[in-house]
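Report on one structure; see the data block that follows.
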Amino acid sequence: MMLIPTHHFRDIERKPEYLQPEKCVPPPHPGPVGTMWFIRDGCGIACAIVTWFLVLYAEFVVLFVMLIPSRDYVYSIVNGVVFNLLAFLALASHCRAMLTDPGAVPKGNATKEFIESLQLKPGQVVYKCPKCCSIKPDRAHHCSVCKRCIRKMDHHCPWVNNCVGENNQKYFVLFTMYIALISLHALIMVGFHFLHCFEEDWTKCSSFSPPTTVILLILLCFEGLLFLIFTSVMFGTQVHSICTDETGIEQLKKEERRWAKKTKWMNMKAVFGHPFSLGWASPFATPDQGKADPYQYVV
């Protein structure tokens with residue numbers, strides 16, 4: 001718990017009775033523990049499908065236009081293994097970012113029984129979200145798409161059809177990193193392939209006709225350049241946000257810092273897990289963030 005001057009109160013109910021707990025009821029059929037998290041948002045689902053389609057398109061062009069027709073088998077095998085490994089890690093990171101609960105606060109927990117269980121003392125106050133009827137921990141924000149309050153919400157990303165929050169920020173960072181790497185790798189291979197085709201006969205450097213080959217390579221080049229810039233900027237933004245321990249929303253709103261300041265290394269370990277290991281780069285390794293109390297209310 002933290003002490004906050006009275007002029008810093010914002011969206012805070014000063015007394016439990018003002019929370020109107022009689023209007024808050026728990027969900028009629030709460031899902032079992034461990035239920036898969038998935039946001040039913042049309043725009044987000046469409047963006048997620050487009051993301052997978054673009055990665056698979058890059059796979060198709062890299063394999064069937066550049067690597068398989070190549071006569072240099074060592075070049076084809078090495079680049080094929082590297083590109084497919086990075087693409088697999090990118091899609092796995094995308095799935096984990098999309099299907100992991102980002103840190104949602106229990107919906108409808110602002111009930112009379114729950115408030116009484118907090119045993120609030122005179123002068124104590126709690127955050128209450130009127131939209132999802134929940135008691136919000138400090139640094140939680142409401143997402144209008146997820147329709148939930150999310151702990152340490154950075155932003156809602158339609159490309160992963162989910163919020164980026166306390167529990168899935170690692171996977172989102174890995175997703176942006178691996179997409180940037182495969183984009184750079186694809187651009188380099190396209191450059192080498194164009195040089196090879198200019199030196200050799202265009203009819204021998206691909207199993208497709210020369211016009212089709214050129215169109216496919218130009219589209220891949222455009223896609224790779226666009227996503228390299230976008231994901232590199234997003235990756236850098238996320239790393240900066242982690243190091244400063246300040247979410248995108250907190251930076252945008254210029255909220256006053258009310259939490260303990262830690263070193264950049266400690267902030268990185270809080271997101272990617274303790275201690276440092278190769279698991280930091282794996283979307284299959286769930287970070288050990290320690291046992292933190294999800295209800296850190298403000299007084």
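The values are calculated or read from the model by the stated rules, or taken from the named source; none is laboratory data. Only a predicted model underlies this, so the values are computations on that prediction, with no experimental measurement involved. No Cβ is skipped: glycine too gets one built from the backbone with ideal geometry, and neighbour counts run over all protein chains shown. Only protein heavy atoms, including side chains, enter the accessible area calculation; ligands, DNA and RNA are left aside. Shrake-Rupley method; radii C 1.70, N 1.55, O 1.52, S 1.80 Å.
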At the level of C-alpha centres, the distance separating region 167-207 and region 103-134, in angstrom, is 50 Å
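Regarding region 78-132, what whole-number volume in Å³ per residue does the convex hull of its Cα atoms give?
Considering the Cα atoms of region 78-132, their hull volume per residue is 127 Å³.
Could you state the accessible area per residue of region 102-150 in Å², with a 1.4 Å probe and every protein chain left in place?
In whole numbers, region 102-150 has 44 Å² accessible per residue.
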Return the FRET efficiency for the residue pair F60, I188: r is the Cβ-Cβ distance, R0 is 22 Å, and the value is rounded to the nearest 0.05.
-> 0.80
Taking 7 Å along the Cα-to-C-beta vector as the label spot, tell me the L120-K204 distance in nanometres, rounded to one decimal.
-> 8.1 nm
Counting only heavy atoms of the protein chains, get the accessible area per residue of region 156-286 (1.4 Å probe) and round it to a whole Å² value.
-> 52 Å²
Taking a threshold of 20 Å on the Cα-Cα distance, which of the pairs K131/K170; K107/K170; K152/K264; K170/K253; K112/K253 fall above it?
-> K131/K170; K107/K170; K170/K253; K112/K253
Heads up, region 162-241 by the C-alpha gyration tensor (a ≥ b ≥ c square roots of eigenvalues; a/c under 1.5 rounded, else a/b over b/c prolate, else oblate) looks prolate
Tally up the carbon and sulfur contribution to the accessible surface of region 166-299 as a whole percent, 1.4 Å probe, everything protein left in place.
-> 70 percent
Summarise the accessible area of region 71-155 (1.4 Å probe, protein heavy atoms) by the percent that is carbon and sulfur.
-> 61 percent
Determine the gain in length on full extension of the stretch V214-A260; use 0.36 nm per residue of separation and subtract their C-alpha separation, reporting nm with one decimal.
-> 11.0 nm
